[in-house]
Amino acid sequence: MDDHVVITAVSSGEVDTEDLWRAHTAGAEGWREVNTWTRELPERVAELAGRALTGAGAPDPAGTGCVTGSVYGSGHVAESIRARLDAGARASLAPESFLYFNAHGVTSLICLRHGLGGYCATVLGPGAGMQALAIGQRRIRLAGDAPVLCGAYELFSPAAARACGSEPVTGWAAFLVLERASRARARGARVLARTGPVEKCPPSAARSADVRATAPLAELAAVVAGDREAATVTVAAAGRRHGYRCTAYKEG
């Protein structure tokens, strides 16, 4: 039992992007507001990550890692830059927004805000949330027992949703704190669930209407932290070539 990777905290919630997309559609008149939301929304993602760390009893940040996944990352920044370049408004580009052009910028922001000094990585594309979970598990098993903040975030623009064959979806972020069972119990942390391995499987014939990388992690968080009677929960996501699934077993 002590060798299992367990979940000691979860956090999941909406990151409301409505004002950002409204500003995008306003053209030049909305550019200043786009700059504001480009900085504000990643802070909200970082805040949700912080709730998971607090729920886990604030593990030592110096060794705590952070792995996040996203389908779209911060691609809305690229949309804004392209719109301004097309309008010949190069002088209106906000250099402070360039940090968020790279999706790893959000992961870096989470580490900076919470002082995380462990392993850090960002995964992009379909199934990225489940891939982030797999990387977090592997890191714990192969590189010591330091906790890993594992999660996903999404800031889908309406254009990106259409490109993925989806209706517009709400921005969301979901985080789990993973650690070895023996370490969690030694520091007095509550164990919510133990996790099975993330396994490859055939992709679902009918892709979910919810294309966010956060969807399976948010479902996992809702079950292991809630009062539902189910003792186990299996979540799945489709990647480009195959699917991923993982089963968690509630404790307590």
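Taking 0.692 mPa s as the viscosity and 37 °C as the temperature, the Stokes-Einstein diffusion coefficient of the range 58-163 based on its alpha-carbon Kirkwood radius rounds to 219 µm²/s. In the chain, helices alone account for a calculated mean residue ellipticity at 222 nm of -11500 deg cm²/dmol, with every DSSP H run of four or more residues adding -39,500 (n - 2.57).
Shown in residue order for the range 45-53 are the 3J(HN,Hα) couplings computed by the Karplus curve 6.51 cos²θ - 1.76 cosθ + 1.60 at θ = phi - 60°: 4, 4, 5, 5, 4, x, 5, 5, 4 Hz (x for Gly and Pro). Taking the chain as a Gaussian network of alpha-carbon nodes connected by springs under 10 Å, the highest mean-square fluctuation of the residues ILE110, ILE135, ILE81 belongs to ILE81.
Taken over the range 114-241, the alpha-carbon convex hull comes to 138 cubic angstrom per residue.
For the pair LEU112 and ASP86 in one chain, pulling the backbone fully straight at 0.36 nm per residue adds 6.0 nm over the alpha carbon distance. Calculated from the alpha-carbon coordinates, the range 5-250 shows an Rg and a Dmax of 18.2, 59 Å respectively. Taking only the Cα atoms of the range 1-113, the ratio Rg/Rh comes out at 1.08, with Rh defined as the Kirkwood radius. Entry note, the range 5-250: relative contact order of 28 percent, from Cα contacts under 8 Å with a spacing of 6+ residues.
Each reported figure results from applying straightforward, stated rules to the coordinates on display, with no laboratory input. Being a predicted model, the structure only gives us computed values, none of them experimental.
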